[in-house]
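So the structure is just underneath, and the comments pick up after that.
Computed from the coordinates by the stated procedures, all read-outs in this text should not be read as laboratory data. For clarity, every value in this text was computed on a predicted model and none was experimentally measured. Virtual Cβ from ideal backbone geometry, glycine too; neighbours counted across all protein chains shown.
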Amino acid sequence: MNIFYPNDPVDPTIRRGIALGFFDGMHRGHQDLIRTMVYQSQIQDLCPTVYTFPEHPLVTLSPEGQFAGYLSTLEQRLQRIADTGVADIFLQPFTPEFAAIPASEFLDQVLGSRLNAHLIVVGKDYHFGQGGEGDIHLLRSWGALNQCEIIVVPEVRLYGDKVSSSRIRRLISEGDTRLAESCLGFPFAMTGTVIEGKKLGRKLGFPTANIAIDAELAIPAYGVYATRTRVGDRTYESITNIGIRPTIQDESPKPNIESFLFDTSLDLYGQPITVEFLYRQRPEAVFDSLLDLVAQVKEDLVQARAYHRTCEQGYELATINGIPVRIIRTTRFAQATAIVTYRTRINRKTASLLSLLSRVLSASSQDYPSRSSLSAALDSLYGASVETEVSKDGDLISLHFAVNGLMSWTDHSSPFAAALNVFFDLLTRPDLDADGLFQSVHFEAERSGLVMELLARENDKAKYAHDQCMKLLCGDQPFGLLASGDLETLNSLTREDLTAAYHQLADMDCQVAIAGDLPDPLLETLLVQVARLRPAAPAGPAVTLPAQKRRSGWADLADYSSPNLLPSAFRPQQPAERMETKKVEQARICLAFSGLQPYFSHHSIVDTLLNSMLGGDVHSLLFEVVREQLGLAYSVYSVNSRYLSTLLVIAGVAPDRVTEARQAIFAQLDHLARGQFSDQLLERSKTLVESHIRSIPDDLDSLLSNMMNGVSLGRMISVQDSLSLLESVDRQAVIERASQLKLAASFTLTAKEPFDE
């Protein structure tokens, strides 16, 4: 990400999409705003840009101290902005002189002449210019005159209120860090360098790392918190006290943070650490004696450990050679699961290669040179399993390898730990011949199996209709490619191609996740195994700024790059319809409607509810009206294609009733757009969507999948947060979303007329 200051030269010919705001904390509302700008900039071939300030405007406008503290440092804010895919950021010091610029001058000289804005994205309460005279209405008028599109992003609401920086500051000051995390989308964190303390904790048996608090940051309510502490590339479960330590009568009136890291002994003096505040266990208290203090601290430690074991909150345990390793600790399940996921941009050859590679790698290894020997080894581990899957998220293709097994057995062995060794051997010690190529017998056998699957898909009329509709919707864009590949490409692959693809896995985006009641020694073994996936290599900086771009008193802005691999924005082709005739007994209709929210939006919960009402569940309009009441379809349902912002309707009907069925489908959509639906349908759909959300923690695989879906979406959200978003959806939101749907592609496969036989 490139960083510009007011006097830096700027190419005025670069067409830009611009997000405006301060973005303190980069909470969920900020994320939606900036990612909307990035998404629309990709669609319009604009340079995604953020225009912001290093200091909060209130620091200048109200120097007497009305500002309640930053939610993040400038470094943290810039990194989170970079993570959204922003290319350029303009840092404008908010000086009294800048604050006095008239709104019209800011629009013409800054957004127009200097930045060449063709798209501007703001929140609905955005104001600018002298005295805040500029508002949305002025911005829209200026945009209309200057061929600049203006997008006002709706606010995100959680637990009955708007997500805002001021609300989060208040929550933090009250010690409600759990609700603050819900609003932020990540835990509130404080970073500092470990300093010398009085070492009282060490004398009492629980040495703590003390960090000085940045006076400009918002400060959590004094007390004891269950926390996580990040040290370099590792994260440790911890407990943290923040306050003035009244029991020991500290002479310093300044608040202090001291963290005790569980199950580790590190020399942290002089090192930067980051403390994430998860849950406030109790407020700060005064004790009559050190003995009483020690007794309470021991109880605090027990409570904190119990919280970490049972909260089932996923987090990044470590980064090993650039590979993030995420974990969910839970005591509710007897088994454990680990997943290794590789991701890259999809093309025809990559799809076929990864599909074939998933089968070949899971078929054998050097120690288990056949599927039968591998199966026998896993069966001996009390039913442990290894599974693979290739999936597609927009223009990204993902190759998943998963291992599952019992965490412990009656003889005190760990079948899962043994299965984990087999699993990583499959990935790192494949069965290669003397020339270093995959064995010919495995290559041909697995390719034949994949060919049969692709042929079966072509012969499945419903899937064929879906695939043809996707071709109309996507054209030549990679979004329309199948994750499983295609027959022509698959048949052209050689063992050399597949072996080269295997070695290229080491350069792909890689994610590792594990869940279960996991002992620390097993986690250490896992991290050693992960290191085998990618040899260590020094990483060069993505951005290095010239020395003159550094400013005293500001952060060192030398390197802000994003490790995130996110799906690209999707642009549907021009609306198209096609009908194909074959000798079939049942016609197939596939309709694609554009107009849903982008995949990352917190408002996509409306799309989920709309889909349930239309055709996603058995109570839906398509099922009850088109199938049951009118008898026009053997089967009819709808599904959201999240990464294409598209709603698909798929139906199997009698060939002579295709026209009637289509008309009935469009009629149900029209009823939703006009609000001609019962409150019972709305509430019943909400209940079903709620039940689905609540079922996520019911099994370990769902827990893990939910966390990794959050990685793919670029946003983490808990079950309770999802339920809160659902609760906020009202009738009008469904009507507005349904009215935005437009037919983007239509494919019908039907029978030949009798005279064509």
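Annotations for the structure displayed:
- DSSP beta bridges in segment 576-756 [antiparallel fraction, %, rounded to 5]: 75
- Length released on extending from residue 680 to residue 534, taking residue separation times 0.36 nm less the Cα-Cα span: 47.2 nm
- Relative packing of 474-481, 377-384, which averages over residues the other C-beta atoms within 10 Å, highest first: 474-481, 377-384
- When the convex hull of its Cα atoms is projected in every direction, mean area for segment 425-521 (nm²): 10.0
- With a Förster radius of 30 Å applied to the C-beta separation of residue 379 and residue 520, the computed FRET efficiency comes to 0.55.
- Between residue 366 and residue 7, the FRET efficiency estimated from the beta carbon spacing at R0 = 41 angstrom works out to 0.10.
- Its Cα centre serving as origin, segment 126-200 has a Cβ charge dipole (Lys and Arg +1, Asp and Glu -1) of approximately 320 debye.
- Cα convex hull, segment 469-533: 157 Å³ per residue, rounded to a whole number.
- Taking the Cα centre of segment 576-756 as origin and assigning +1 to Lys and Arg Cβ atoms and -1 to Asp and Glu Cβ atoms, the resulting dipole is close to 460 debye.
- Within the chain, DSSP assigns beta bridges of which about 75% are antiparallel (rounded to the nearest 5).
- Percent RCO, i.e. relative contact order, over segment 17-149, from Cα pairs under 8 Å lying at least 6 residues apart: 30
- Anisotropy class of segment 309-408 from Cα gyration tensor, a/c 1.5 cut: oblate
- Relative contact order of segment 323-531, defined on C-alpha pairs under 8 angstrom at six or more residues apart (%): 40
- Surrounding net charge for residue 271, when Lys and Arg each add one and Asp and Glu each subtract one, Cβ distance under 15 Å: -2
- Highest-first arrangement of 34-41, 344-351, where packing means the average Cβ count within 10 Å: 34-41, 344-351
- Measuring between alpha carbons in the structure, the pairs from 162/254; 392/742; 254/298; 124/742; 349/583 lying more than 29 angstrom apart are 162/254; 349/583.
- Residues whose placed amide H lies under 5 Å from that of residue 320, excluding near-sequence neighbours: 325
- For segment 576-756, convex hull volume per residue from C-alpha positions, Å³: 125
- Taking a Cβ cut-off of under 13 Å around residue 472, the surrounding Lys, Arg, Asp and Glu residues balance to a net charge of -2, with basic ones at +1 and acidic ones at -1.
- What the Kirkwood sum gives for segment 674-713 is a hydrodynamic radius of 12.0 Å, with every pair of different alpha carbons counted.
- Placing dummy labels 7 Å off each Cα toward the beta-carbon, the span from residue 149 to residue 687 is 4.1 nm.
- Taking a ≥ b ≥ c as the square roots of the eigenvalues of the Cα gyration tensor, an a/c ratio of 1.5 or more together with a/b no larger than b/c marks the chain as oblate.
- Here is the list for segment 21-88: GluC sites (Glu not before Pro) lying in DSSP coil, each with at most 12 other C-beta atoms within 10 angstrom of its C-beta, are 64.
- Efficiency of FRET between residue 97 and residue 492 - r from beta-carbon atoms, R0 56 angstrom, step 0.05: 0.30
- Mean Kyte hydropathy of -1.0 or more with a Cα span along the axis of at least 15 Å, helices from DSSP in the chain: 28-43, 290-310, 348-361, 415-428, 440-459, 461-474, 520-531, 658-673, 679-694, 700-713
- If the Kirkwood radius is taken over C-alpha pairs of segment 323-531, then at 4 °C and 1.567 mPa s the Stokes-Einstein diffusion coefficient equals 71 µm²/s.
- Centre separation in Å (Cα based) which lies between segment 591-608 and segment 166-188: 27
- In this label model, residue 130 and residue 294 are separated by 6.8 nm, measuring between points 7 Å along each Cα→Cβ vector.
- Cysteine residues of the chain whose Cβ has no partner cysteine Cβ closer than 4.7 Å: 47, 148, 183, 311, 474, 510.
- D (Stokes-Einstein, µm²/s), Kirkwood Cα radius, segment 28-136, 1.567 mPa s at 4 °C: 86
- Among 309-316, 143-150, 612-619, sorting by the average number of other beta carbon atoms lying within 10 angstrom of each residue, highest first, gives 612-619, 309-316, 143-150.
- Neighbour-count ranking [beta-carbon atoms within 10 angstrom, fewest first] of 440, 238: 440, 238
- Alpha-carbon Debye profile of segment 90-170, log10 I(q)/I(0) at 0.21 Å⁻¹: -1.04
- When +1 charges are put on Lys and Arg Cβ atoms and -1 charges on Asp and Glu Cβ atoms, the dipole computed for the chain relative to its Cα centre reaches about 400 debye.
- The base-10 log of I(q)/I(0) for segment 128-236, evaluated at q = 0.12, 0.19, 0.21 Å⁻¹, reads -0.67, -1.09, -1.20 [Debye formula, identical scatterers on Cα atoms, solvent excluded].
- Residue-averaged [θ]222 nm for the chain, counting only DSSP H segments that reach four residues, each worth -39500 (n - 2.57): -10500 deg cm²/dmol
- For the chain: relative contact order, % (alpha-carbon pairs under 8 angstrom, 6 or more apart): 12
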